[in-house]
Amino acid sequence: MAEQKTSMLLHLHRRPWFWAFAASALAFAATYALTAGSGSGELLAATLTFATFSAIVGIGQMFVITMGPGNVDLSIPATMTLAGTLSLKFMDGATTLILPGLGLALLVGLAAGLFNYALIRLLRIPPIIATLSASFLYQSLAIWWNRGLRIKPPEALSDFTTGSVLGLPNLTIIGILIAVASWVLLERSLFGRWISAVGQNTRAARLSGVPVETVKALTFTGSAVLASLTGYLLASFSGGAALNMGTEYLLISIAVVVIGGSSIAGGNSNVPGIWGGALLMFLVVSMLNSYGLGAGVRLILTGTIIIAIVAAASGRKDCA
């Protein structure tokens with residue numbers, strides 16, 4: 001029995017997502033110790049809530065990155081802002097328009113994703129340039145429609161996004177459901193095998209009959225739709241859409257993919273690791289804030305911790 005437990009632990013620590021969750025637990029313990037255990041429930045709730053936003057956009061980014069080198073969606077922050085701005089302005093505080101507002105936000109994501117792919121496919125623009133260029137357009141549209149106003153979400157929607165069930169934030173439940181659906185799509189569906197095949201060798205995938213361009217179109221569209229959903233939820237949670245609401249999620253969406261164990265070279269993705277990375281990103285910043293460190297020091301230490309986690313995971317993978 002003891003040998004079986006040891007074997008299970010050895011097998012577990014070789015999982016790509018293990019180090020992200022282990023580091024998250026250490027960061028939580030450090031913050032908990034600093035506060036002498038006070039406010040631990042509030043810290044846990046805040047961690048789960050804010051990690052949800054990072055996890056959702058991270059899952060969308062993971063799908064894109066899985067398709068191989070050069071594939072990254074830099075339009076995520078602007079898509080979040082545009083979707084949040086348009087949906088809240090459309091609802092204008094009316095409870096009856098909550099679902100139509102959600103539909104509008106998702107349509108914004110659908111249009112943004114298709115436009116991103118059109119730039120890549122029709123104009124032969126590299127994904128990193130196409131999505132960056134498109135982000136300026138989306139951000140400009142958000143500025144034009146927002147006109148400096150901060151429209152509040154419907155009260156019922158605000159209550160839902162800040163509420164919880166049995167201590168688990170409603171937003172976290174949504175994030176977990178999206179993660180489970182994404183895992184099933186990647187690990188148990190033909191489309192998931194197609195994405196991995198494209199990321200491992202695009203030419204070989206095309207020769208074997210994989211509809212490469214269809215996979216790319218659906219992947220970029222899916223990333224934009226998840227970004228727009230996040231924008232809708234974040235704007236509703238924070239009491240209104242702000243023009244800089246998506247800014248921090250550009251690097252976070254990429255960082256959680258790398259920290260979570262997905263291959264930046266493509267062909268290998270890891271859904272559980274996205275959640276581990278999202279939890280770690282929030283907890284590290286929260287821990288450093290608790291120690292009263294300046295912004296510059298926080299950035300340096302955050303980068304150092306991320307590098308250490310990625311190096312530890314890579315080292316274990318090489319030894320496996």
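The numbers here are math on the coordinates, done by the rules we state, and not lab data. This structure is a prediction, so every number in the text was calculated from the model and none was measured. So basically every Cβ, Gly included, is an ideal-geometry build from the backbone, and we count neighbours across all protein chains shown.
With Cα extents along the principal axes in Å as the read-out, I listed (1) 60, 59, 38; (2) 62, 43, 38; (3) 84, 38, 37; which label goes with the value calculated from this structure?
(1)
What distance in nm separates the simple spin-label points at ARG121 and VAL165, each placed 7 Å from Cα in the Cβ direction?
3.7
Using modelled amide H (1.01 Å from N, peptide plane; none on Pro or chain starts), what sits under 5 Å from the amide H of SER164, excluding residues fewer than 5 places away?
The answer is ASN170.
Where Lys and Arg each count +1 and Asp and Glu each count -1, what net charge lies around ILE151 among other residues with Cβ under 11 Å from its Cβ?
+3
Using the charge dipole of the stretch 17-319 (Lys, Arg: +1 at Cβ; Asp, Glu: -1 at Cβ; taken about the Cα centre), state which of TRP145, LEU123, SER75 has its Cα farthest towards the positive end.
Going by the Cα projections, it comes out as LEU123.
Between VAL180 and ALA45, what is the label-to-label distance in nm when each label sits 7 Å out along the Cα-to-Cβ direction?
Here the modelled spin labels are 2.3 nm apart.
Return the long-range amide H neighbours of GLY246 (sequence gap of 5 or more, or a different chain), with a cut-off of under 5 Å between placed amide H atoms.
Amide H neighbours of GLY246: THR81.
Whole-Hz Karplus ³J(HN,Hα) for the stretch 238-248, in order, using 6.51 cos²θ - 1.76 cosθ + 1.60 and θ = phi - 60°, x for Gly and Pro?
8, x, x, 8, 10, 5, 10, 5, x, 3, 5
Only helical DSSP H runs with n ≥ 4 go in: add -39500 (n - 2.57) per run for the chain, normalise by residue count and round the 222 nm mean residue ellipticity to 500 deg cm²/dmol.
Values: 14 runs with 242 residues, N = 320.
Mean residue ellipticity, 222 nm, calculated: -25500 deg cm²/dmol.
Taking the beta-carbon count within 10 Å as an exposure proxy, list TRP144, TRP17, TRP183 from fewest neighbours to most.
TRP144, TRP183, TRP17
Going by Cα centres, the stretch 231-253 and the stretch 163-215 are how many Å apart?
So the two Cα centres are separated by 23 Å.
What FRET efficiency would be calculated for the residue pair ALA204, ILE128, taking the C-beta separation as r and a Förster radius of 30 Å, to the nearest 0.05?
Computed FRET efficiency for ALA204 and ILE128 comes out at 0.80.
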